[in-house]
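Undergrad: Please see the structure below; I have some questions.
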Amino acid sequence: ENKKGCSMDDLPLLPSGRPIMLTGEVEVLVVQKVQMEDLEGLLFRLTTHRVLLQRADYTKQIHLQNIDKLEAEPHGWFSKSNILKFHLRNTTILQFSFFSVDRDLVFQRLSKTMQKKSWVQELPSNVMTTNKGANFSTTSAGIGGIIRRQEEKHEKTNQSLSQAFADLSALMDNAKEMVLLAQKLKANHSNKEEDDVNDFMLNMGLESPVSKSTAGNLFHVELSRQLCDFLQVPLSRNTGILPLTEVYSIYNRARGTELISPEDLYRACLLFEQLQLPLTLRRFDSGLLCVQSDLYSDQVMLDYIDELVKSNKFPLTASSFASLKNLTMSLANYYLLKAEEREMLCRDESFEGLLFYPNIFV
Amino acid sequence: QAQPFSFPAIHNLPPFFTVQPVLNTNQKQLQMWCELVLDYVRHFRLHEVDLMEVVNSPLFWNKQINRRLSLEGIKWIMEELVRRGNAEWAIQDQRVIIYWRTPAEWANLIYTYAINNAMEGTVCTLYELRESEAVEKEEFFELDIRVFRKALAVLEQQQKARVFSSNNNVGVKFL
C-alpha cells in the first residue's frame, strides 16, 4: 500500500457495487479511465461531498474538505494536458490523469463543487425553523395557534418547492435541501403503515438519480446498478418477478425528472449478467419481458404451488392464482402451465374455463 | 347383469374428462380409461359400441359433475384398445367391437366346453354350439356372432376344430 494511499479512507459499497451515499450527498460527475499516481483504470466519481475512486480491487474516498487546493497542469504548445493535482491538507499531493474526458471539465466541476461546500451542516434553512423568541401573542396560542404555525410551515415548504422546480439547474443547486426535506418528511411519516412510507419514498423520488450528464457513457452501467438496488423492495413484494413495463413505470415515477426511455431501461437490463448483478432479464415464449431476482427462481414459485396442492386449495384458475401471488395474468399462466408440465397439476377444460387440479393421475 | 355398475372414484373428478396435454399424465389417464371401458363393457356384456350413442352414456357423461368426454376423447381410447388388440373397428371412427375377452380367450372357453362334453370327433351346428339350451349356462351363450366366429377361427388355427358350411348351415367339428 503506497504512502499516498494511506491518506485516503476505504469506501463502503452497496451490494450492487454502487457507493453508499452520505446524507444529502448528490452525484455530480462520473468519469472512467482515470489514473491516480500509478493506479490505472479507476472510476472517478465526483459528488457534492467527496471524490470516490473505484476499481475491481480498489475502493477509496477523498472528502472534498480535505483538499486544500487543485492544480491543473498548464497545456503545452502542441498538446493539452490531462493532469490534475490534488493538494491535500495533510500535504500529500495526488496526481490524476484523465483519459476519457476533458481535464478542464473535471477541474471546472470540481472547483465549483468545492466552492459550494455542501457538506457544511447548516440548519435546514428557512424551511423548518420555528421562530424562537418572537414576541408572544395570543394569536399563536392554543389549537388555533398550532394550526396557524402548521399552515405557515406548509406555505414555506410550498414556496421552497415551487422555487426549486421553477428552474432545473436551480433544483440541482437546491438538491441538498430537497434531499433533507424529503428525509424529514419521511421521518415524520414513520408511524404510518409500511406501505405508505414506501409509496412516499417513491413519490419523493430517489436521492441521487443516475443521469446522462453525471454519468455520460457510463449511463447504462450505472443505471443497471441503480435498478438493482431500487428493485429489491418491489421485487420482494412480487415473488421476485416484475414485468419490464412495471419496472419502467415505478422507476420513472421515483425518478420524477430526467425520465429514462424504454430503450435506456432495456439496455440497462441487458447488462445485468455482465455486471454480475443478482437480476435476470427474462423473455417468455409469449414475448413478455420480465426482470427476475436470482433469489427467486421459478422453483420458488413451483414450491409454492406444491404447498397449495397439499393444502387442497383447488381448483385454481390463472386469475385466482394471479391475485393470490400478485402476478400478471401472463406470469400466472406461465407458472401454472409449468407446474402442469412437471406433472404437479392436471387440467379441467370445460365451459367454465380452464381450471387446474392436483395431478390425480400420478 | 342387473347389478348396477360401480364407477371408480376417479370417474367423479372433472380432470378425468379432459384429455391431458402433458405426455406422461396423458398416458396414465389413457390407461385408466381403457381399464374402465373394458370393465364397463364386460359388466354389461356389450360387444359393439356405437360412438355417437355411447357419448351420451353414463360412462362418458357424468351428469353429477357436469363433465363429459368429447368424441375425440372417445376415439382416443378406442384407438388405444385397437392398438392393444382389445378392439377392432367395425366402421372406422363410428363403430367398434370391443373384445373384453380376446377371441383366443373365448376359443379356450368353447374348447373346454367341448372337451368336458366329450365332443371330440363330433360335429355340431353353430346354432347348437352358440344358442341352444345346452349351452345356456355357458359364458359364450349368445355371444356376438362376429366374436364367436373369430373364436372359432382361432380354434381352426390351433387345429382344435374345423369350421365348414353347407346349405347356409355352419358346422363345427372338434378335433
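The values are calculated or read from the model by the stated rules, or taken from the named source; none is laboratory data. Not measured: the values here are computed from a predicted model. Please note: Cβ atoms are built from the backbone with ideal geometry, for glycine as well, and neighbour counts cover all protein chains shown. When the accessible area is computed, the model is the full protein with side chains, heavy atoms only, and any ligands, DNA or RNA have been set aside. Shrake-Rupley method; radii C 1.70, N 1.55, O 1.52, S 1.80 Å.
Undergrad: Using a Cα-Cα cut-off of under 16 Å, which aspartates and glutamates could be cross-linked to A:Lys310, ignoring same-chain neighbours fewer than 8 residues away?
TA: By straight Cα distance, A:Lys310 reaches A:Glu340, A:Glu343.
Undergrad: How high is the relative contact order of segment A:1-82, in percent, counting Cα pairs under 8 Å that sit 6 or more residues apart?
TA: Over segment A:1-82, the number comes to 21 percent.
Undergrad: Here's another thing I want to ask about it. What list of ³J(HN,Hα) values in whole Hz, one per residue of segment A:54-61 in order, does the Karplus curve 6.51 cos²θ - 1.76 cosθ + 1.60 (θ = phi - 60°) give from phi, with Gly and Pro shown as x?
TA: After applying 6.51 cos²θ - 1.76 cosθ + 1.60, I find 9, 8, 3, 10, 8, 9, 9, 9 Hz.
Undergrad: Taking the 0 to 90 degree range and rounding to the nearest ten, how far is the long axis of helix B:103-116 tilted relative to the main principal axis of chain B, both from C-alpha atoms?
TA: Around 40 degrees separate the two axes.
Undergrad: Can I ask one more? In a shell of Cβ-Cβ distance under 12 Å around A:Ser297, excluding A:Ser297 itself, what net charge do Lys and Arg (+1) and Asp and Glu (-1) give?
TA: It works out to a net charge of -1.
Undergrad: Averaged across the residues of A:144-153, what count of C-beta atoms belonging to other chains lies within 10 Å of each residue's C-beta?
TA: Other-chain Cβ atoms within 10 Å of each residue's Cβ, averaged: 0.
Undergrad: Could you give the size of the charge dipole of the protein assembly as shown about its Cα centre, using +1 on the Cβ of each K and R and -1 on the Cβ of each D and E, expressed in debye and rounded to the nearest 20?
TA: 1520
Undergrad: For chain B, take the longest principal axis of its alpha carbons; what is the angle in degrees between that and the long axis of helix B:145-157, to the nearest 10 within 0 to 90?
TA: Its long axis makes an angle of about 60 degrees.
Undergrad: Using only protein heavy atoms and a 1.4 angstrom probe, determine the accessible area buried between B and A, summed over both sides, in Å² to the nearest 100.
TA: By this definition, chains B and A bury close to 1400 Å².
Undergrad: Still on this model: Taking a spot 7 Å from the Cα of B:Lys173 along the direction of its beta carbon, which residues of segment B:97-137 have an amide N less than 11 Å from it?
TA: Those under the cut-off are B:121-124.
Undergrad: If you take the charge dipole of the protein assembly as shown about its Cα centre, with +1 on Lys and Arg Cβ and -1 on Asp and Glu Cβ, which of A:Gly24, A:Ser320, B:Ile91 is farthest toward its positive end?
TA: The Cα lying farthest towards the positive end belongs to A:Gly24.
Undergrad: Over chain B, what is the relative contact order in percent, taking alpha-carbon pairs closer than 8 angstrom and at least six residues apart?
TA: It comes to 18 percent, rounded to a whole number.
Undergrad: Still on this structure, I have one more. For segment A:323-337, in order, what is each residue's ³J(HN,Hα) by Karplus, 6.51 cos²θ - 1.76 cosθ + 1.60 with θ = phi - 60°, in whole Hz (x at glycine and Pro)?
TA: Computed from phi, the couplings for segment A:323-337 are 6, 4, 10, 6, 10, 6, 4, 5, 5, 4, 4, 4, 5, 5, 5 Hz.
Undergrad: Treating cross-link reach as a plain straight distance, find the aspartates and glutamates whose alpha-carbon is under 17 Å from the alpha-carbon of A:Lys69, omitting any fewer than eight places away in the same chain.
TA: A:Asp104
Undergrad: Under 5 Å between amide H atoms, partner at least 5 residues away or on a different chain: which partners does B:Ala90 have, H built in plane at 1.01 Å?
TA: When sequence neighbours closer than 5 places are left aside, the close amide H contacts are B:Arg95, B:Val96, B:Ile97.
Undergrad: For segment A:303-345 and segment A:85-107, what is the centre-to-centre distance using only Cα atoms, to the nearest Å?
TA: Centre-to-centre (Cα) distance: 58 Å.
Undergrad: How much solvent-accessible surface does A:Lys325 expose, in Å² to the nearest 10, with a 1.4 Å probe and all protein chains in place?
TA: 50
Undergrad: Modelling each spin label as a point 7 Å along the Cα-to-Cβ direction, I'd like the A:Gln65/B:Ile65 distance in nm, to one decimal.
TA: It works out to 7.5 nm between the two label points.
Undergrad: Order A:Leu259, A:Leu22 by their accessible area, 1.4 angstrom probe, all chains in place, largest first.
TA: The most accessible residue leads, giving A:Leu259, A:Leu22.
Undergrad: So what is the 222 nm mean residue ellipticity for chain B from helices alone, if each DSSP H run of at least 4 adds -39500 (n - 2.57) and you divide by all residues, rounding to the nearest 500 deg cm²/dmol?
TA: Rounded to the nearest 500, the figure is -12500 deg cm²/dmol.
Undergrad: Would you mind giving the mean number of other chain beta-carbons within 10 Å of the Cβ of each residue in B:6-15, as a whole number?
TA: Neighbouring Cβ atoms belonging to other protein chains average 3 per residue here.
Undergrad: Shifting gears a bit: Per residue of segment B:6-20, what does 6.51 cos²θ - 1.76 cosθ + 1.60 with θ = phi - 60° give for ³J(HN,Hα)? Whole Hz please, x for Gly and Pro, Karplus curve as stated.
TA: So the Karplus estimates, Gly and Pro as x, are 9, 7, x, 3, 5, 5, 9, 9, x, x, 4, 9, 10, 5, 6 Hz.
Undergrad: What distance in nm separates the simple spin-label points at A:Thr91 and A:Ser249, each placed 7 Å from Cα in the Cβ direction?
TA: 6.3
Undergrad: Carbon and sulfur together cover what percent of the accessible area of the protein assembly as shown at a 1.4 Å probe radius?
TA: For the protein assembly as shown, the apolar C and S fraction of the accessible surface comes to 51 percent.
Undergrad: Return the Rg/Rh ratio of the protein assembly as shown with Cα-based radii and a Kirkwood Rh.
TA: Looking at the protein assembly as shown, the ratio lands at 1.32.
Undergrad: Just tell me how shielded B:79-87 is by partners: mean number of partner chain Cβ atoms within 10 Å of each residue's Cβ, no decimals.
TA: Partner Cβ neighbours, averaged per residue: 0.
Undergrad: Mind grabbing the accessible area of B:Lys160 for me, 1.4 Å probe, Å², rounded to tens?
TA: B:Lys160 exposes around 60 Å² with every protein chain in place.
Undergrad: Can I ask one more? Which stretch or stretches of segment A:39-67 have amide N atoms under 20 Å from the point lying 7 Å from A:Val120's Cα along the Cα→Cβ direction?
TA: A:47-51, A:63-67
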